[in-house]
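Here's the structure, in structure tokens; my notes come after.
The values are calculated or read from the model by the stated rules, or taken from the named source; none is laboratory data. It should be emphasised that the depicted structure is a prediction, and the values quoted were computed from it without experimental measurement. Every residue, glycine as well, gets a Cβ built from its backbone with ideal geometry; the counts of neighbours run over all protein chains shown. Keep in mind that these areas ignore ligands, DNA and RNA; they rest on the heavy atoms of the full protein, side chains included. Shrake-Rupley method; radii C 1.70, N 1.55, O 1.52, S 1.80 Å.
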Amino acid sequence: EHAMAKPESRPDTTLRLERTIAAPREKVFAAWTQAEALIRWFAPTEAYTCTVHALDARPGGTYRIEMLHSGGNRHFVSGTYLDVEPPSRLRFTWAWEKNPERGESVVSVELHDEITRTRLVLTHDLFPSAEVRDGHEQGWTGGLDHLDDLGGGRYGGGVVGIHVDEDHQFVHASDHVV
């Protein structure tokens, strides 16, 4: 019986995406770490509804997110937060419950302050294959398009404001920016 080899970081199994979001990084960080905000953008297409079953954004905390497709398919992803540095950095493990053979990968999100905008750098590493990486590229691109919507970006219709309190905790979302 052989132990499974631990995947290593390689260009063909690493995904890196950059996006500039039209919102301050405190608001973008809240969109990643507060369930009420996450459900508004964390899905690959409009055909999905997102439900957050757990989200404890602190080192060692866990998350579990369900994505329900309008056709009825349910997808659950879960993991553990490795690093949480508000409002600039998150790193967490990522595993699909229906595909345990894919193992666990690692997502890093870096948020760089650009005055009223935020440059987001997402790195998703340790995929078992380039094919799995490419599938996630489509999913993350769709999700980041929705996140860009929340910042009032170039996609979709109305502008949505994400409002946070002085401790950068999500308060509410609305259809206008205050």
Would you calculate the separation in nanometres between label points at Glu18 and Arg64, each defined as 7 Å from the Cα along the Cα-to-beta-carbon direction? 3.7
For labels at Ala47 and Glu97 in the simple 7 Å Cα→Cβ model, what's the distance in nm? 2.2
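Carbon-plus-sulfur fraction of the accessible area of segment 64-126, 1.4 Å probe, in percent?
Here it works out to 48 percent.
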From highest to lowest solvent-accessible area (probe 1.4 Å; ligands, DNA and RNA excluded), Lys27, Lys98 read Lys98, Lys27
Length-normalised contact order of segment 49-147 in % [C-alpha pairs under 8 Å, at least 6 apart]: 15
Approximate spin-label separation Ser9-Glu114, in nm, with each point projected 7 Å along Cα-to-Cβ: 2.3
Residue separation times 0.36 nm, minus the C-alpha to C-alpha distance between Thr123 and Asp56: what's the value? 22.1 nm
Tell me, what is the FRET efficiency for Arg40 and Glu104 to the nearest 0.05, using R0 = 30 angstrom and their Cβ-Cβ distance as r? 0.70
Using a 1.4 Å probe, what is the accessible area per residue for segment 1-142, in Å²? 53
